[in-house]
Amino acid sequence: MRTDETPGTAIAKEHKLKGIGVSPGIAIGLAYIGDRGELPVSESRIDEAQIEHERARFAEAVSTSIKQLRKLKTRAMALPGSAADEIGSVLDAHLAMLANSRLIRGVNRRIGRSRINAERAIQLELDEIGETFSAMEDDYLAARIDDIRVVGARLIRNLLKKPYVAYSSLSGGAIILAEEVTPADTALMDPRRIGGFATEYGGREGHTAIMARALGLPAVLGIPGLLDHARAEAPVIVDGTEGAIILDPAPETVRSYKARQQEVARERRLLNRLRRLPAVTRDGVEIELHANVELPVEVEQALANGAVGLGLVRTEFLYMNREDLPGEDEQYSFFAALVSGMEGRPVTLRTFDIGGDKLPEALAGYAASDIANPALGLRAIRLSLRDRRLLDVQLAAMLRAAARGPVRIMLPMVSTVSEVRRAREAMEQVSRRLRRRGVRIPDELPPLGAMVEVPAAALAADALAAEADFFAIGTNDLVQYTLAVDRSDETVADLYNPLHPAVLRLIQFAVEAAARRDIPISICGEIAGDPRYAALLLGLGLRQLSMSPRNIPRVKQRIPDPEQVAVLLDDFNATVWATIGVG
Ligand code: PEP
Ligand code: MG
C-alpha cells in the first residue's frame, strides 16, 4: 500500500538488494517486470513414424528464429555508436548457432534416438552442452553457454508459439527487472526511453553486460531473488556503479541518489574536457596513456577517451568461442581494422596468450586434460613456439597489418632470452616468405617486444633488454607469479597485492634495465588503469601506461606534480622497510 502520495518516492519499506554492477551509472524510475525467461517444457514420447514430423517442426522453429534474429539485427544496426557493432556481433553468433551447430545436430539426433518431442530434446541438449562448458571453469566460456541457452529458449518459444515481450514499447525511463535479459532483448532497448535494468542471472563477462556498457545503460546483474521482492510500477533505483538496486526507496534515498546522479554527470563533463588535453606533469614530463583492447569496436572508445595508442591488443579473443582456428586473412582483417582505426597512432599487437587449461577447442590437442599447474604450463609464447605454424600465422597477419600504420609486436609470458630470439627468427623468416610472395609489408620490420610478467623476466631484465626492442610490464601475471597467488582464485584474493614490495622491486628492475639499454617500457596490467597508483608508477619511472579505455580520463586527472611523487616515494620506501622489518 502507498504510504506517500508523491510519485517516484516511497511506497513501501525500502529494500536494498546487492548484485554485480556491470555497467556504471544511476537510474531512477518505475519498475517494469520483464518476462520470466525460459518457458516450462514437458516431455512427450513420439513413435517412429512421427520422428520426421517432429524434426520438421524443429526445422520450422529454427527458420522462424533465423528470421527473427535477422530482423533484430536490422534494428540493432540503427543503434548509436559501438552498440550497433556489439549487438550485431552477438546476433551473428546466435545466427551461427542456428546453422549446423552442435545444438542443432544434437537436437535432431535426440529426437530420433530418444523419440521425444523437440522442446524436450532442446532442453536435454542444452543441459549436456552446459555440463561440458562448466567443466572448463572459464568465465569467458561460461558466458558463451548463456548465449547458447538464449538461442535454445528462443527455439522453444517458437515451437510453443509464445512470442517475446517487446522492450521497445517501454518509455519514460522505465527500469526493467527480469529473471534474465538476453543480448537480443538488449537490442530492443532504447537508452533514451529505458533507464536501466537489473536481473537475477548473468555475470560480468556476458554479452548482455558488454552491451549494457556499450549503450551506457546502468545495469546490475546476478541479484538472487530479485523478482520475489519486485513489484510492477513501483519506484526503483539501479546503482550500476555499486552493484545494488533499491526497491521502494524512501524520499531521502531518492534525493541522495538524484544528487549522486548529478555528481556523476558533472564528473563526466569534467572528464570529457580532459580528453583532448595532453597528459603532462607539472614539471613538463609527458605521460603517454594508451588503451588495452580486445575487439575492433573498442577503437572508437579508445579514441573517444583520448588514447594516444593501443598499448595491448589481446589477440587470444580471436580464438575463443569457435571450433576452428582463425587463419592469416581473418587475423589480418582484424589487425588492419585496428591499425586503420587508430589513424597513425601506434598499435601493440600481442601474440596470443592462451594455453594451460584455457585452450580453445581447436587447440585442445596441445594440453593434457588434468594439468596440476596450468598457469605454469604450455601457455602464451611457449605454445606459439611449440608449433611454429601457430606463431607464423599470427606474425604474417601482423606484418601485413604493419604496412597500414605503426605496429609493434609483443610476446606474452616471456621467461627466457631464447624465446625472444626464436620469435625474432620466426618474424624474419615469415617476412622473407611474404616478400617473396609479393605481399606488402613495411621495409623495416616492427619492433619486437617482451612482456615482463614472470619474475624471471624482471630479474633478468638486463639480458632481456639486449634482445627485446621494448618492454611491457604485465602486473596481472607478475603479481600472480611473484606472490604465488592465483589471480582467479577468490579464496586467496586478499593476498593478491600489486603493491607488495616484492612486486614493486621487480617493476623497478625492469624500468632500470630498460633505461640502461634505452628501450621503451610501458605497463599494461590493471594497476596502470587505477588512478590511485598513477603517482607511484610515475615515481617508479614509467611514462607509458596502458589501460581499459574508460580509465584513461580518470588516470589523466591524477597525473601528479613532482612533489606529490616525491612524498609518495618516501611513503613507499617507508612501507618497504617496515614490511621487511627494517626501520
Ligand atoms: C598482465 O598479465 O598484466 C597482462 C596485461 O596480461 P593479461 O591480463 O592478458 O594476462
Ligand atoms: Mg598476462
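Considering only region 309-446, what is the antiparallel percent among its DSSP beta bridges, to the nearest 5? In region 309-446, approximately 20 percent of DSSP beta bridges are antiparallel ones.
Could you tell me the ratio Rg/Rh of region 309-446? Both radii from Cα atoms, Rh via Kirkwood. On the Cα set of region 309-446, Rg over Rh gives 0.97.
In a fully extended conformation the segment linking Lys16 and Arg436 would gain 144.6 nm over its present Cα-Cα distance, using 0.36 nm per residue.
Which links in Lys71/Lys162; Lys71/Lys161; Lys18/Lys162 stretch past 26 Å when you go from one Cα to the other? Before the final figure, lay out the partial values.
On the way: Lys71/Lys162 17 Å; Lys71/Lys161 18 Å; Lys18/Lys162 32 Å.
The answer is Lys18/Lys162.
Annotation: amide H of Val452 within the under-5 Å range of Ala472, Ile473, Gly474, sequence separation 5 or more or interchain, hydrogens built in the peptide plane.
Based on the alpha-carbon set only, what is the convex hull volume of region 48-159 divided per residue, in Å³? Don't skip to the answer; put the middle values down first.
On the way: hull volume 9.5 nm³, N = 112.
Considering the Cα atoms of region 48-159, their hull volume per residue is 85 Å³.
So if I place +1 on the C-beta of Lys and Arg and -1 on the C-beta of Asp and Glu, and nothing else carries charge, what would the dipole magnitude of region 48-159 be about its Cα centre? I want it in debye, nearest 20. Walk me through the intermediate numbers first.
Details: 18 positive and 17 negative charges, 131 e Å.
Using only the charged Cβ atoms, the result is roughly 620 debye.
Positive-end ranking of Leu124, Val151, Ala56 along the dipole of region 48-159, with charges on Cβ about the Cα centre, is headed by Ala56.
Of the residues Leu378, Pro346, Met413, the one whose Cα sits farthest toward the positive end of the charge dipole of region 309-446, with +1 on the Cβ of Lys and Arg and -1 on the Cβ of Asp and Glu, is Pro346. Note on Met427: accessible area is roughly 0 Å² with a 1.4 Å probe, heavy atoms of protein only. Label-to-label distance, Ala484 versus Ile51, with points set 7 angstrom from Cα along the beta-carbon direction: 5.8 nm. 3J(HN,Hα) along region 493-509, derived from phi through the Karplus expression 6.51 cos²θ - 1.76 cosθ + 1.60 where θ = phi - 60°, amounts to 4, 5, 8, 7, 10, x, 8, 4, x, 4, 5, 5, 5, 5, 4, 4, 4 Hz, with x in place of Gly and Pro.
Note on Asp283 and Arg260: with the Förster distance fixed at 41 Å, the Cβ-Cβ geometry gives a FRET efficiency of about 0.70. In this simple spin-label model, placing a label point 7 Å from the Cα along the Cα-to-Cβ direction at both Asn100 and Glu252 gives a separation of 6.7 nm. Legend: calculated FRET efficiency, Ala362 to Arg276, from the Cβ-Cβ distance at R0 = 60 Å, rounded to 0.05, equals 0.90.
The values are calculated or read from the model by the stated rules, or taken from the named source; none is laboratory data. Every value quoted in this text rests on a predicted model; they were computed, and no experiment measured them. A quick note on method: Cβ atoms are made from the backbone with ideal geometry, for glycine too, and the neighbour counts reach across all protein chains shown. Quick note on the areas: whole protein, heavy atoms, side chains included, nothing else; ligands and nucleic acids left out. Shrake-Rupley method; radii C 1.70, N 1.55, O 1.52, S 1.80 Å.
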